[in-house]
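Working notes, beginning with the structure itself.
Please treat every number below as a calculation from the coordinates, not as lab data. Note that the structure is predicted; figures quoted are calculated from it, not measured. Counting neighbours? That spans all protein chains shown, and the Cβs are built from the backbone with ideal geometry, glycine included.
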Amino acid sequence: MADLAVSDLVVGYGPVRALRGVSMRVPSGSIVAVLGANGAGKSTLLRAISGTLRFHRGACQGAVTLGDQRLTGLDAASVVARGVVQVPEGRRVFARMTVEENLRAGGLGRSRRENAKAHDQVVELFPVLRDRARQRAGLLSGGEQQMLAIGRALMAGPTTLLLDEPTLGLAPLMAARIAETIKEINSLGTSVLLVEQNVAMALSLASHAYVLEVGEVALEGTAAELRDSDEVRRRYLGVADAVEGTLETRTLSRWS
Amino acid sequence: MTTFVELLVNGISIGAVYALIALGFVIIFKATEVVNFAHASLLLAGGYLVARLWPLVGFWAALLIGVAAAALVAAAIEFLVIRRANVASHSVLAIVTIGVDIVITTELTRQIGTDVLAMGDPWGSEVVRFGGVTLAETRIVALVTAAALITVFLLAFKYTGWGVAMRAAAEDAETAALMGVRLGRVSMSAWAVAGGLAAVAALFLCVFPTPGLDRSTSLVALKAFPAAILGGLDSTTGALVGGLVIGVTESMMSGYQNDMAFLGRGIGDVAPFLVMLVILLIRPAGLFGTKELARV
Ligand SMILES: Nc1ncnc2c1ncn2[C@@H]1O[C@H](COP(=O)(O)OP(=O)(O)O)[C@@H](O)[C@H]1O
Ligand SMILES: [Mg+2]
């Protein structure tokens, strides 16, 4: 197990600068949150870590490291092989394949025994995936698709899990359910980098958080510090009555 | 009636061979979104090697080498040309494959010259009789072989890790990569499989009643394009149905062309393209496809 670190990351899509010198660290075994409005560069950060910028014609400078290994410049499959696995924004399940085939797609790089073990864990975490095993993934509800997307990523055996807005568009109850699951996955030893706009939820899970603003880290600190910061209360929790530690499911008031 | 049955079985047999070609065409398209216009040249290369090698090493070894070589050439095209070509559009890559096709076909046509090369197959011009129906042995072998290869392919596509990786990459390449699928390997293997299938098809296009492999063989292979397109470029089922439709249409039209003299001679050669046009007018994405050719 090793810390995931990003240092001085600069990413551009052609002339568009999406990240301007971002540094952050996900200590081994922790949950770290990345907050920020739409367009702040959160997904770009995860793409840079996972090596999928080339799918968007993006280029990056700076370094991504896992312990003493450099991840920068590796292709996506090699990043996965080193234990850093992403659940992309919008779930992106393979809609035309069955639930079972989706899970299988997550574990293609691993042995039969590892897959059997991971599969047991996944269906224990999300029993619905066993019940729906033979259904097409496209027919699942949004919440079920999110569970499938997380389950599929767990099949790859991540030591660090990157989650891009996992509660986006989910009903409050389902969002709370996903939050619980994230805590559980983390308690089993997986580090989590959680990108969220649901700030209250993210801060209740994370030990440490970063706020991204137009491609730069505007704020960082422990979750407790950020919860108490006037800036965050005003901009993201929207009101002064955001009570510490509650699972506030209101999304942040977006700012232009 | 016996004529009808003979024409039907022959049509299905040749249709199954077209389906082998169309299937390769479709899996390349699914894996890489490239319309591979070099497909006919792969077929010609595989067939040419079989024809040249059987006098030296025997038919079966020659067939094996021909299939392996066509797979290798296809994989090399993927690795050296398609993967390196850093272009934004898949249409541009399709044009690149036209270039590859011209290079390979020109060279092979020069080698073949005006010769008609025998394939050295063990079936020769034997025929089998069922009741009053007479069928060439080669046609029956072609049908059985194509059906077996297609079955194996479809099972692999459905149940193996390779198949899951192929389908995942075809549906959403970026997410497949995020799950650890090595897209380069997926696309190279798709090209290799397509090349191998094309070489098998080459054999059956050149055996009895065809006199052998000559420089027009790659033109015959072109009939598999309408098969793939009318079935739907991104549908394996479409490739099979498309192949059969083209094969049967061609066989029937040629068989009964004396009764349809008003359509002119050679209607059998034109019919596949006519059928394709009619189907595309009604269903622009083909019978089973999801993507229109115009959007390729
Ligand atoms: N594929 C792309 N091509 C060009 N610009 C992009 C692309 N993806 C994102 N961007 C731009 O980069 C910036 C950051 O986007 P993104 O990382 O998606 O933000 P977030 O995930 O925080 O909403 C935005 O200004 C966005 O318009
Ligand atoms: Mg985003």
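How many Cβ atoms of partner chains, on average, are near each residue of A:108-115 if near means within 10 Å of its Cβ? Don't skip to the answer; put the middle values down first.
On the way: counts 10, 6, 1, 0, 0, 0, 0, 1.
So the per-residue partner count for this stretch is 2.
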Report summary line: the stretch B:178-245 and the stretch A:102-163 have their Cα centres apart by a whole-number Å value of 35 Å
Requested in this report: State the answer as a single residue: which of B:L20, B:A85, B:V57 lies farthest towards the positive end of the charge dipole of the stretch B:1-136, with beta carbon charges of +1 for Lys and Arg and -1 for Asp and Glu, about the Cα centre.
Outcome: B:A85
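Which value at 222 nm does chain A reach when only helices count, each DSSP H run of 4 or more adding -39,500 (n - 2.57), with the total divided by all residues and rounded to the nearest 500 deg cm²/dmol?
Numbers: 10 runs with 90 residues, N = 256.
Mean residue ellipticity at 222 nm (helix-derived): -10000 deg cm²/dmol.
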Report summary line: With +1 on the Cβ of every Lys and Arg and -1 on the Cβ of every Asp and Glu, the dipole magnitude of the protein assembly as shown about its Cα centre, in debye rounded to the nearest 20, is 240 debye
Query raised in the report: Can you give the charge dipole size of the stretch A:4-255 about its Cα centre, rounded to the nearest 20 debye, using +1 on the beta carbon of Lys and Arg and -1 on the beta carbon of Asp and Glu?
Result: 1020 debye
Query raised in the report: Once the other residues with Cβ under 15 Å from the Cβ of B:S13 are scored (Lys, Arg +1; Asp, Glu -1), what is the net sum?
Result: -3
Report summary line: the protein assembly as shown: spread of alpha-carbon positions along the three principal axes, whole Å, largest first, is 90, 46, 43
Query raised in the report: By counting other Cβ atoms within 10 Å of each Cβ, how are B:T109, B:T134, A:T160, B:T249 ranked from fewest to most?
Result: B:T134, B:T109, B:T249, A:T160
Query raised in the report: Over all residues in A:70-77, what is the mean tally of Cβ atoms on other chains that come within 10 Å of each residue's Cβ?
Result: 3
Report task. Would you mind telling me which residue in A:L203, A:L129, A:L161 has the biggest mean-square fluctuation in a Gaussian network model of chain A, where springs connect alpha carbons within a distance under 10 angstrom? Result -> A:L129
Query raised in the report: Separation between the B:Q257 and A:T65 pseudo-spin-labels, each 7 Å from Cα along Cα→Cβ, expressed in nm?
Result: 7.4 nm
Report summary line: In this structure, among A:K42/A:K183; A:K117/A:K183; A:K117/B:K158; A:K42/B:K30, pairs with alpha-carbon gaps over 26 Å are A:K42/B:K30
Requested in this report: Fewest Cβ neighbours within 10 Å first, please rank B:T32, A:T222 accordingly.
Outcome: A:T222, B:T32
**Report entry** GNM flexibility winner over chain A from A:S43, A:S111, A:S191 (Cα, springs under 10 Å)
**Finding:** A:S111
**Report entry** Karplus (6.51, -1.76, 1.60) ³J(HN,Hα), θ = phi - 60°, over the stretch B:39-44, in Hz, Gly and Pro reported as x
**Finding:** 4, 5, 6, 4, 4, 4
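With +1 on the Cβ of every Lys and Arg and -1 on the Cβ of every Asp and Glu, and nothing else charged, how large is the dipole of chain B about its Cα centre, in debye rounded to the nearest 20? Could the numbers behind the result be given before it?
On the way: 17 positive and 18 negative charges, 89 e Å.
In debye, rounded to 20, chain B gives about 420.
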Query - Helix-derived mean residue ellipticity, 222 nm - over chain B, DSSP H n ≥ 4, -39500 (n - 2.57), to 500 - result: -23000 deg cm²/dmol
**Report entry** Beta bridges by DSSP in the protein assembly as shown, antiparallel share as percent, to the nearest 5
**Finding:** 60 percent
**Report entry** Pairwise FRET efficiency - A:R20 versus B:V103, Cβ, R0 = 51 Å, nearest 0.05
**Finding:** 0.65
Query raised in the report: Taking chain A as a Gaussian network, Cα atoms linked when under 10 Å apart, which of A:Q146, A:Q197, A:Q61 shows the biggest mean-square fluctuation?
Result: A:Q61
Query raised in the report: Which ordering of A:E165, B:E174 is given by a fewest-first count of other beta-carbon atoms within 10 Å?
Result: B:E174, A:E165
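Taking the mean number of other Cβ atoms within 10 Å as a proxy for protection, how do you rank B:21-29, B:164-172 from highest to lowest? Each step should come with its number before you reach the end.
Working: B:21-29: 29.2, B:164-172: 22.2.
Result, highest mean first: B:21-29, B:164-172.
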Report summary line: Rounded to a whole number, the mean other protein chain Cβ count within 10 angstrom for residues of B:163-176 is 6
Report task. Return the sequence-ordered ³J(HN,Hα) values of the stretch B:165-175 in whole Hz as given by the Karplus equation 6.51 cos²θ - 1.76 cosθ + 1.60 applied to θ = phi - 60°, using x for Gly and Pro. Result -> 4, 4, 5, 4, 5, 5, 7, 7, 4, 4, 5
Requested in this report: Quote the convex hull volume per residue of chain A, based on C-alpha atoms, as a whole number of Å³.
Outcome: 118 Å³
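What order do you get for B:117-123, A:152-158, B:70-76 when each peptide is scored by the mean count of other beta carbon atoms within 10 Å, highest first? All intermediate terms of the calculation are to be shown ahead of the outcome.
Values: B:117-123: 18.1, A:152-158: 24.6, B:70-76: 22.3.
Descending packing order for the listed peptides: A:152-158, B:70-76, B:117-123.
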